[in-house]
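The values are calculated or read from the model by the stated rules, or taken from the named source; none is laboratory data. These numbers were taken from a predicted model, which means no experiment stands behind them. Neighbour counts are summed over all protein chains in view; Cβ atoms, including those assigned to glycine, are modelled from backbone coordinates with ideal geometry. We work out accessible area using only protein heavy atoms, side chains counted, and drop any ligands, DNA or RNA first. Shrake-Rupley method; radii C 1.70, N 1.55, O 1.52, S 1.80 Å.
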Amino acid sequence: ETGVTQTPRHLVMGMTNKKSLKCEQHLGHNAMYWYKQSAKKPLELMFVYNFKEQTENNSVPSRFSPECPNSSHLFLHLHTLQPEDSALYLCASSQEKGGRYTFGSGTRLTVV
Amino acid sequence: QKEVEQNSGPLSVPEGAIASLNCTYSDRGSQSFFWYRQYSGKSPELIMSIYSNGDKEDGRFTAQLNKASQYVSLLIRDSQPSDSATYLCAASNSGYSTLTFGKGTMLLVSP
């Protein structure tokens, strides 16, 4: 596989559920990101990892918990979400932080 | 607060025309600028990057940067219906900062 792979593509979850989003990059990049994309809003940065270390947490609620076990994998653990958390969640990677991003295909999350 | 501003559109142009997409940014320290294309229901894909004042051409696409005016634009020549998408402008400053994205401009190219 090449590029940035995200799973699942679609996810419907209740407010009491716990689920995880997975991202894997096969590009040898050192930085990985989680973004949230809602309608009518710019892409919102959530978390940044550089060489597996979290370097930014953009005031994200604790119901979102990131994990980066190595420089190729990134997870976003979800629990007790709210309906307003429904959005497209995008993973991206870049060779160095702030460089040219490659995005994954995204996970369309619906919280019911 | 770093901001990147774009007109949300839609910008409608006929097939074969030149589409002009504009973007302004608030952070004078911004050094790197990117244009991403996002088709409906898909993820953004990088189409152009520009780092120096002036024009940069790649096929039908030309990116223009004016740092004094804090202005970036993307010109698409000979627009095709397949160019219909939302175009996102992004900027970052030096020191390995993350990208700040605009809301995007929707482009509609009619046959």
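Percent of Cα-Cα pairs more than 12 Å apart in the range B:60-103, please.
It works out to 72 percent of all Cα pairs.
With an 8 Å cut-off on Cα pairs and a minimum separation of 6 or more residues, tell me the relative contact order of chain B in percent.
It comes to 38 percent, rounded to a whole number.
Rounded, prolate or oblate, given the Cα gyration tensor of chain A, with a/c below 1.5 counting as rounded?
prolate
Sort A:71-77, A:3-9 for me by packing, meaning the mean count of neighbouring Cβ atoms within 10 Å per residue, highest on top.
So the order, starting with the most tightly packed, is A:71-77, A:3-9.
With the contact rule set at Cα under 8 Å and sequence spacing of 6 or more, what percent relative contact order holds for chain A?
About 37 percent, as a whole number.
State to the nearest 20 debye the size of the charge dipole of the protein assembly as shown about its Cα centre, where the only charges are +1 on K and R beta carbons and -1 on D and E beta carbons.
Here the protein assembly as shown has a charge dipole of around 400 debye.
Specify whether the C-alpha gyration tensor of the range A:1-45 places it in the rounded, prolate or oblate class, a ≥ b ≥ c being the square roots of the eigenvalues: rounded for a/c under 1.5, otherwise prolate if a/b is larger than b/c and oblate if not.
Oblate is the answer for the range A:1-45, as a/c is 1.5 or above yet b/c matches or exceeds a/b.
Summarise the accessible area of the protein assembly as shown (1.4 Å probe, protein heavy atoms) by the percent that is carbon and sulfur.
It is 48 percent, rounded to a whole number.
For A:Leu90, A:Leu27, B:Leu75, write out the residues from largest to smallest accessible area, computed with a 1.4 angstrom probe and no ligands counted.
Order by accessible area, largest first: A:Leu27, B:Leu75, A:Leu90.
Apply the Karplus curve 6.51 cos²θ - 1.76 cosθ + 1.60, θ = phi - 60°, to the phi angles in the range B:50-56 and return the couplings in whole Hz, x for Gly and Pro.
Residue by residue, the range B:50-56 yields 8, 10, 10, 4, x, 10, 9 Hz.
Accessible area per residue of the range A:1-52 at 1.4 Å probe, in Å²?
Dividing the accessible area of the range A:1-52 by its residue count gives 53 Å².
How big is D, in µm² s⁻¹, for the protein assembly as shown by Stokes-Einstein at 25 °C and 0.890 mPa s if Rh is the Kirkwood radius over C-alpha pairs?
Estimated diffusion coefficient is 136 µm²/s.
Between A:His79 and B:Asn22, what's the calculated FRET efficiency when r is the beta-carbon distance and R0 is 25 Å? Round to 0.05.
0.05
On average, how much accessible surface per residue is there in chain B, in Å², for a 1.4 Å probe, leaving out ligands, DNA and RNA?
About 48 Å² of surface per residue is accessible.
How much accessible area is lost when chains A and B come together, counting both sides, with a 1.4 Å probe, in Å² rounded to the nearest 100?
1500 Å²
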